[in-house]
1. Please work out which residue is most open to solvent (accessible area, probe 1.4 Å), limiting yourself to segment A:11-23 and to residues that are out of contact with any strand residue (DSSP E or B) (no Cβ under 8 Å at 6 or more places or on another chain) and not small (Gly, Ala, Ser).
2. Would you check if there is a residue in segment B:103-115 being within 20 Å of A:LYS140 (Cβ to Cβ), more than 9 Å from chain A (Cβ to nearest Cβ) and among the β-branched types (Val, Ile, Thr)?
3. Any idea which residue in segment B:273-307 is most open to solvent (accessible area, probe 1.4 Å), counting only those that are on the phi < 0 side of the Ramachandran plot and acidic (Asp, Glu)?
4. For the list (1) farther than 28 Å from A:VAL130 by Cβ; (2) modelled with pLDDT of 95 or more; (3) not aromatic (Phe, Trp, Tyr), I need the number of the one condition that B:MET67 fails.
5. Test B:GLU360 against the stated conditions and say whether it is within 22 Å of B:LEU191 (Cα to Cα) and not in a strand (DSSP E or B).
6. Which pairs turn up if I take residues in segment A:349-376 that are not assigned by TED's automatic domain parsing to the domain that holds A:LEU292 and look for partners that are open to solvent by less than 50 Å² (accessible area, probe 1.4 Å) and of a type in the set (Phe, Trp, Tyr) with beta carbon separation below 9 Å, at least 6 apart in sequence or on another chain?
7. If B:VAL344 satisfies every condition in (1) more than 21 Å from B:ALA391 (Cα to Cα); (2) hydrophobic (A, V, I, L, M, F, W, C); (3) in contact with a Lys or Arg (Cβ under 9 Å, 6 or more places away or on another chain) but one, which is the exception?
8. Could you check segment A:130-155 and list, in sequence order, the residues that are within 15 Å of A:GLY8 (Cβ to Cβ), touching a Leu at 6+ places or on another chain (Cβ under 9 Å) and among the aliphatic types (A, V, I, L, M)?
2 protein chains.
Amino acid sequence: MLIVKKFGGTSVADKERIFNVARRIEEDYKKGNEIVVVLSAMGKQTDILIQMAKDINPNASKREMDMLLTTGEQVSVALMAMALDALGIPAVSLNAFQVAMHTTSVYSNARIKRIDTDRIRNELQNRRVVLVTGFQGVNKFDDYTTLGRGGSDTTAVALAAALHADKCEIYTDVDGVYTADPRMVKTARKLNEITYDEMLELASLGAGVLHNRSVEMAKKYGVQLVVRSSINKTEGTVVKEVVNMEKMLVSGVAADKNTARIAVVGLEDQPGVAFKLFNHLARHNINVDIILQSVGRDGTKDISFTVKEDDLDEAVATIERHRQGSLKCQKVDVEKGVAKVSIVGAGMMSNTGVAAKMFEALYDVGVNIKMISTSEIRVTVLIDEAHVEKAMNAVHEKFLLSQM
Amino acid sequence: MLIVKKFGGTSVADKERIFNVARRIEEDYKKGNEIVVVLSAMGKQTDILIQMAKDINPNASKREMDMLLTTGEQVSVALMAMALDALGIPAVSLNAFQVAMHTTSVYSNARIKRIDTDRIRNELQNRRVVLVTGFQGVNKFDDYTTLGRGGSDTTAVALAAALHADKCEIYTDVDGVYTADPRMVKTARKLNEITYDEMLELASLGAGVLHNRSVEMAKKYGVQLVVRSSINKTEGTVVKEVVNMEKMLVSGVAADKNTARIAVVGLEDQPGVAFKLFNHLARHNINVDIILQSVGRDGTKDISFTVKEDDLDEAVATIERHRQGSLKCQKVDVEKGVAKVSIVGAGMMSNTGVAAKMFEALYDVGVNIKMISTSEIRVTVLIDEAHVEKAMNAVHEKFLLSQM
């Protein structure tokens, strides 16, 4: 089997953990597998480098930031090669130039375009473990680029796709994907399987152990992902296209507290008002989530929506700037202290009444729903942040997620 | 003018020093010069990386060591680019892959073979300061290599040669090349000029602020070297082919305390004995310096020579291994606590009596000479280590080096 394994920064933070990882690689190697390993920078190394850069130039160019940050993963792969060598396992480390990891030109947030697999295949044929620097690529100017948040996951999935690997294992500090955050829901249970789409919904809800881009890419190229623990040998969660037929309606419950609601009250009731509002926000890269439009008094209309709490100030400032121009309205209301609670499940598509069952669970424990949003495989409600734990447990229990 | 500047690790050890260097670059840039800067890793970064590697695998492969160490210079050039940017000076950092710094295949001690100058020339044409990682290259396997001790000096000279630079400035923590080590000889004076050959002799005597390889390369390609201070703006010492005609006989006095003498006594007086002795040592990479052969008793001969004190044990062990075979002798004597004192000067070639004048100076202060060795532009004597300072001052005074 050809296996791509990805370990994050905490898994290679010190000598002991490096050897832990090396021994896990050794085990699979000795079974005769071909192994490609993607590593992130050690522990807090990336943060340290960012701090050094900020200290020198708070507005450092992204091109030079990428040049700086890419050293972090190179240190990791070189040290891991040495650790494997110490265990008697032949290994070779490769950076983005050596792999030929071609990306788009955008510094600090590039996308992988193409991977030359010749070098990796040659090294695998020589029975070497191939260690590849995660998070980085090279653009058409022959400059380093980095892939942004979750970049190493994407590197691993892209390599698995390019090499037609049998699976891509993402090692994390949790055992896999859970039906709910175990810190909030005591009875939460690890899932053995989940679909790409469910994983995407969960990731975008902030519950994700995997970055969205890596899941999207895995789905596109049919890469079988496995999320598993770097600490113990629990089997983990397999992410794939279709999961077994007896699957429950709902795979999991997720919460996202980083949420605020904005209500734009008394907008002129004219065509294009909503377009103008969300266009202004989009230009400032503000993502809007649940949207609700209602008729206001005196022939006006009100539009409410949620944004990430981090984006709240900029969103309000953007609207205020246009109140005298294209966005005439009576007032802009803001509500903090709210949270989204969602249920996700591929089974919903072919089943009615799932949303109603969720609302019933919330009603039973006296939680008021402020807004509702749904997709084919997800139902999201906005509630008071204070009620999140109660709501999650009620919903989790209602769908018997702990008993499957 | 196209100027290549090289700054060592201490010059970029922290934010303050990085900006010091950046401001010096700024000054020359604003005069309209094209500037290429070669940097070493920050402060003790290379030592820190070596220690990390040793901790993981004391016998780490050189290939992976080079992969690890090359990150150090990449951090330096990226941070320097940010510092220059903060001063409003456009700059771009390049590593060995981006420059295309082709070297031989030998890891940890590669030689530069060829430099593609296209990228650098393009960047210079766009009026950018080009920052290049010192000490590193890429071999035919597309792997990182490093150039060994003094590698960044060599990178700078090689770039100056390839780009036909007008000069190559090596910045150090001293003002230039002195007539003697100022810590030992109070009246030592900075030289304005020195020839490549004199510099080579001084470097090999352990007095060098420049590594031999870089001086050899500068001589071969006619690169004008300038050794100058990274701290102040003193003019420094120019190293070139021919220096001005009124030059004194002797340019400087140097001492090397890292010396030991070995005497192989009572060797058979047969052809090839000396060859065998030094051939055995050469095979163990032991450099031999002053050699003296004399007739011993009973038709035998004695051979004395000096080695670096660091190599002493291995040299003796090597000889002992062959005493029963090809190197029959009566005994092997070892003398530690000795030192070499040398005078160097291109003027010697056309002047007689220089050596005699040195011996007179030593006689005047009662220093006994144990061995003598000469080259066209150098006279070296072996004396007791305890007398080094006295000897140096006497010789320095004799040649009036402080008064030129």
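1. A:GLU16
2. Within segment B:103-115, none of the residues are within 20 Å of A:LYS140 (Cβ to Cβ), more than 9 Å from chain A (Cβ to nearest Cβ) and among the β-branched types (Val, Ile, Thr).
3. B:ASP289
4. Just one mismatch for B:MET67, condition (1).
5. So B:GLU360 fails the test.
6. A:VAL354/A:PHE399; A:LYS357/A:PHE399; A:MET358/A:PHE399; A:ALA361/A:PHE399; A:MET371/A:PHE305
7. (1)
8. A:LEU131, A:VAL132
The values are calculated or read from the model by the stated rules, or taken from the named source; none is laboratory data. As the structure is a computational prediction, the values presented were derived from the model and not from experiment. Every residue, glycine among them, receives a Cβ derived from its backbone with ideal geometry; neighbour counts consider all protein chains shown. When the accessible area is computed, the model is the full protein with side chains, heavy atoms only, and any ligands, DNA or RNA have been set aside. Shrake-Rupley method; radii C 1.70, N 1.55, O 1.52, S 1.80 Å.
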